Structures are given as C-alpha cells and as structure tokens.
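The numbers here are math on the coordinates, done by the rules we state, and not lab data. From a predicted model like this one, the values you see are computed outputs, not experimental measurements. For neighbour counting, all protein chains shown are included, and Cβ atoms are generated from backbone atoms with ideal geometry for every residue, glycine included.
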Amino acid sequence: MTSILNRTDRDIDQAVQLLADGKLVAFGTETVYGLGADAQNPTAVAAIFEAKGRPHFNPLICHYESTDAAFAHVTPNDAALRLADTFWPGPLTMVLPRRVSCPVALLAGAGLETLAVRVPAHPVASRLLAAFGRPIAAPSANRSGGMSPTSAAHVLAGLGGRIPAVIDSGPCRVGLESTVIDLTGQVPFLLRPGGVNLEALEAAIGRVQLGISPIQAEQSRSLRSPGMLLSHYAPKLPLRINAETLDADEALLAFGPLLPGAQLAFQLSERQNLNEAAARLFEGLHWLDAQAPARSLGRIAAMRIPETGLGLAINDRLTRGAAPRG
Ligand code: TXA
Ligand code: MG
C-alpha cells in the first residue's frame, strides 16, 4: 500500500522519517513529481531504480534546499553562479563536476564524475528538503518508459503499491521537466529543453550550444554498441564478467561466497541481495581500480549476477564495462 501524505507539518515529518529510514517518497515539484530517496544512501537510491523498473542505471538529479547546499557538493563555474542567481529556485538543472568531498552516493550519478543538481521552487519540495537537511535524489515518479506525473493521482496510477508514500502536493505549475544544462565543457550545452527556455538562458550567460553534446554523443553511441561507452562509466582495468574461476592477475568483484584464490575482493553482497549489490556496484569498481595495482593485479573479474530485478541494470553496466575498448 502506498500512503498518501498531505501538506501538514506532521505529514512532512513522516516523509522525512521515511527518507531517513532509506525509504522512497514521491513529492511534488514545480516541474513534475519526483520519486525521492536520501541521495547519500546508496541502498535507498538503488530502490529508486527497482521501483521504476529501469533496465539500466542512468544518472539522477539531486535536489537541494539552497544554492549554497548544492554548490557545497559540486564546483560551480561563473556561468553556474550566474544561472543559480537568475533561475534558482526553479526548473533548471545544472550538470557540474562533483567535489572530491561530495557525499552523494555514486549510484545517484551512475558512477559519473559529474552530478546534476537543482534547487526546486515548490513549497512542498522546499519544506521537505529543509526538514530532511540532506539532498534528495529524484527522477520523475513514473515507471520506466511512462509519462512524467504532474499529480499525486498520476504517481499512484504508475507506482501505487510499489512505493511507501506520495505527498499530495497539488498540481505542478510548470508541468514539464526541468531544463538540463551541462556546464562541464568549454561551452554550455543544453542537454534537455524544459521549464527554463533557451532565450532566458542565453540572456543570462551568452551562447548555449544545442544539438548533441559530446556526452550525449558518447551515450547514444554506447546505446547502439555496448563497446563504445563513456570512459568514466567503465573501470580503468579490463573487466571480465560471469567469472567462475579466478586468474592469478585478477581482483574479484564478488557476489556471495568468494571464488577460490581471491587476493583482493570487493563484496557486492554476501547474501546475494541485488538491491545491496546495485547500491555498492560503482563503489566496488572504483575501489578495485584503485587497490588492484598495488597488489600487482591488472584485471577485474566479476562473478555472475542473476538476470532478475536490479540484476538487469547491474549486468547492463558490467557488460558495457567488459566490452572490448574501442
Ligand atoms: O523536472 C525534473 O527535472 C524532474 C523533477 C523531479 O526534478 N526530474 C527528472 O529526472 O526529470 P529524470 O531522472 O527523469 O531526468 C534526469 C535527466 C536525464 O535526462 C539524465 O540523463 C540527466 O538529467 N542527467 C542527470 N545527471 C546527469 C549527468 N551527470 N550528466 C548528464 N546528464 C545527466
Ligand atoms: Mg523521467
């Protein structure tokens, strides 16, 4: 059962309690309803992908109470500072480099070195973020492939019974998703048109590039051919999947009891729980990449992950990482 919360302080407190317990809460923003989880809790973030039924991990937007809170986790450039001044709180999402100290779960950014951040302008979203005191990772609150919801009823139609709660926040003023702008390159790139229009962006920061950004070009190539992928989506070391035995130069990405002979292993989930494994996947790949060379290990072998539930998304990412490098 999905409970419907209202806008009283008591209901907001209940939502905060759910988030703190690692549970999902759908809430209204001025654009569309988001499916929120504690962005710093990787298991909670994994539950988002599970509830949406997504067959792959894509990076999520992190929602913040204030500009200062957002820029404590990513590094703004001049354009970002100007855009924040002009459009936040509001329907604009900026992709910026994560700070080294950024505590947001790697899974929320799909393992990328960048993070999409936004300060929403909706009283329910603002109150929830302020009361929770931490960023909330939230994609649109619909099943994978469905339409973005703009009312609590839409959320229930798609995710009813799959999530603990939705806050009935009223209708969404903007009704379409936030504009996503990538500020990590030489030129600002519009990744997704949305609530803030191009003219307004260009009035604030000058020319914004349209069309396909380098990051999108790589993403679409990687969708057509799993061998081509964003370099930071894959570990640096060669990766072998579905390993049943270990070679002498391999570090192990384990799922359940270790394979014999493991000199260095990262355990995704001792009890073979797919949600836990998803939550630890990117952390594990980064950790093995960093630790293996000191042990003179030059490759990573990943144990077989079942093709059910979040196993599909885990295998999608591992298969990409294991494909021949072009
Ligand atoms: O209005 C909105 O943006 C809503 C509300 C809930 O805030 N959220 C939303 O999230 O639409 P979602 O997950 O459905 O869309 C996020 C978009 C995707 O197109 C994703 O690829 C892009 O943002 N994105 C997120 N992080 C990124 C990153 N690090 N680099 C490039 N694109 C990123
Ligand atoms: Mg969406």
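Considering Cα pairs under 8 angstrom that are at least six residues apart, work out the relative contact order of the chain and quote it in whole percent.
21
Could you work out how far apart the two model spin labels at residue 316 and residue 176 are, taking each label as a point 7 Å from the Cα in the direction of the beta carbon, and quote it in nm?
2.4
What's the center-to-center distance, using Cα atoms, between the stretch 156-193 and the stretch 275-326 in Å?
One Cα centre to the other: 29 Å.
Residues with beta-carbon under 13 Å from that of residue 278, excluding residue 278: net charge, scoring Lys, Arg +1 and Asp, Glu -1?
With Lys, Arg at +1 and Asp, Glu at -1, the neighbours total 0.
Quick one: which of 52-60, 304-312, 148-156 comes out on top by average Cβ neighbours within 10 Å, and what's the full order, highest first?
Peptide ranking by packing, descending: 148-156, 52-60, 304-312.
Hey, how many Å between the Cα centroid of the stretch 26-102 and the Cα centroid of the stretch 111-128?
Distance between centres, Cα-based: 4 Å.
Roughly speaking, what is the stretch gain from residue 6 to residue 236, that is 0.36 nm per residue apart minus the C-alpha to C-alpha distance, in nm to one decimal?
78.1 nm
Under Stokes-Einstein, with the Kirkwood radius over Cα pairs standing in for Rh, what whole-number D in µm²/s applies to the stretch 239-321 at 20 °C and 1.002 mPa s?
Taking Rh from Cα pairs, D becomes 172 µm²/s.
By how many nm would the segment from residue 130 to residue 294 lengthen if fully extended, with 0.36 nm per residue of separation less the alpha-carbon distance?
Length gained between residue 130 and residue 294: 54.7 nm.
What do you get for trypsin sites (Lys or Arg not before Pro) in the stretch 232-285 restricted to DSSP loop and a cutoff of at most 16 other Cβ within 10 Å of the site's Cβ?
When the trypsin sites (Lys or Arg not before Pro) of the stretch 232-285 are filtered for loop state and at most 16 Cβ neighbours within 10 Å, 236, 271 remain.
Once label points are set 7 Å from the Cα along Cα→Cβ at both residue 308 and residue 147, what is their separation, rounded to one decimal in nm?
3.4
Cα-based Rg of the chain per 2.2 N^0.38 Å, rounded to two decimals?
Relative to the 2.2 N^0.38 Å estimate, the chain comes out at 1.01.
For the chain, what proportion of DSSP beta bridges, expressed in % and rounded to the nearest 5, is antiparallel?
Among the beta bridges of the chain, antiparallel pairing accounts for roughly 40 percent.
Report the net charge of residues surrounding residue 242, where surrounding means a beta-carbon distance below 15 angstrom and charges are Lys +1, Arg +1, Asp -1, Glu -1.
After counting each charged neighbour, the total is 0.
Run the quick spin-label model on residue 286 and residue 272: label points 7 Å from Cα toward the beta carbon, then report their separation in nm to one decimal.
Result: 2.9 nm between the two label points.
For residue 11, what is the net charge nearby, where nearby means another residue's Cβ is under 12 Å from its Cβ and Lys, Arg count +1, Asp, Glu -1?
Numbers: positive: 7, 10, 127; negative: 9, 13, 168.
That works out to 0.
Seen from all sides and averaged, what is the projected area of the convex hull of the Cα atoms in the stretch 12-150, in nm²?
The directionally averaged projection comes out at 7.5 nm².
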